[in-house]
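Some notes on the structure that comes next.
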Amino acid sequence: MAVRNQEIGERFAIYNGDCIEAMSALPDASVHLSVYSPPFAGLYNYSSDERDISNCSSTDSFLEHYGFVVRDLARLTMPGRMTAVHCAEIPRSNTGNDDLYDLPGDIIRLHESEGWRYIARYAVWKEP
């Protein structure tokens, strides 16, 4: 498993590594809850690695790449358990007068296309 660091307790396991490689080594139906924040469709770039999902050249490319994560999480998650995804609407460009792209909506639809059932969307107010 391509893990740089890990912490395994009696009731939890946390892995820091390439998610695709790390998840592929985990057994089916072994996760009770996953909580994470995907890169916001290229809004932030975390590395220069071409395999890094934050380096996608378009929203469509991001969603295609992210689909591998969602699909593997569906395989790993025990029936009846869930995933919590932190995401937000993002500006379409950087002019200051932009409309917003509904990234959470696309993330919900992507999860549903992989067999997940949508439960709820919560908004967290952030001071500008």
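I'd like the FRET efficiency for residue 68 and residue 109, computed as 1/(1 + (r/R0)^6) with the beta carbon distance as r and R0 of 22 Å, rounded to 0.05. My answer for the efficiency is 0.85. Per-residue Karplus couplings for region 108-121, computed as 6.51 cos²θ - 1.76 cosθ + 1.60 with θ equal to phi - 60°, are listed in order as 4, 4, 5, 4, 4, 5, 9, x, 6, 10, 6, 10, 6, 10 Hz, Gly and Pro entered as x. Taken one residue at a time, the phi angles of region 68-85 give Karplus couplings (6.51, -1.76, 1.60, θ = phi - 60°) of 5, 5, 4, 5, 5, 4, 4, 5, 7, 7, 5, x, x, 9, 9, 10, 10, 10 Hz. Gly and Pro are set to x. Scanning residues 5 or more positions from residue 101 or on other chains, those with amide H under 5 Å from its amide H are 90, 92, with H placed 1.01 Å from N in the peptide plane. The residue 125 and residue 46 beta-carbon pair, evaluated with R₀ = 22 Å, returns a calculated FRET efficiency of approximately 0.25. Computed with a 1.4 Å probe over protein heavy atoms only, the accessible surface of the chain comes to 72 Å² per residue.
Pop out the carbon and sulfur fraction of the accessible area of the chain as a percent, whole number, probe 1.4 Å. Write out the running numbers ahead of the final one.
Numbers: 4760 of 9160 Å².
Here it works out to 52 percent.
Per-residue Karplus couplings for region 39-55, computed as 6.51 cos²θ - 1.76 cosθ + 1.60 with θ equal to phi - 60°, are listed in order as x, 7, 6, x, 5, 10, 10, 8, 7, 9, 5, 5, 7, 5, 4, 6, 9 Hz, Gly and Pro entered as x.
If you take every residue apart from residue 20 with its C-beta less than 11 Å away from the C-beta of residue 20, what net charge results, scoring Lys and Arg +1 and Asp and Glu -1? Don't skip to the answer; put the middle values down first.
Numbers: positive: 51, 71; negative: 18, 21, 52, 72.
Residues close to residue 20 contribute a combined charge of -2.
Per-residue extension of 0.36 nm, minus the Cα-Cα distance of residue 14 and residue 60, leaves a gain of 13.6 nm for this segment. FRET efficiency for the residue 102 to residue 4 pair, using the beta carbon distance and R₀ = 35 Å, is estimated at 0.60.
The values are calculated or read from the model by the stated rules, or taken from the named source; none is laboratory data. Values in this document were obtained by computation on a predicted structure and should not be read as measured data. In this analysis, Cβ positions are derived from the backbone assuming ideal geometry, glycine residues included, and neighbour counts consider all displayed protein chains. Surface accessibility is based on the protein's heavy atoms, side chains included, excluding ligands, DNA and RNA. Shrake-Rupley method; radii C 1.70, N 1.55, O 1.52, S 1.80 Å.
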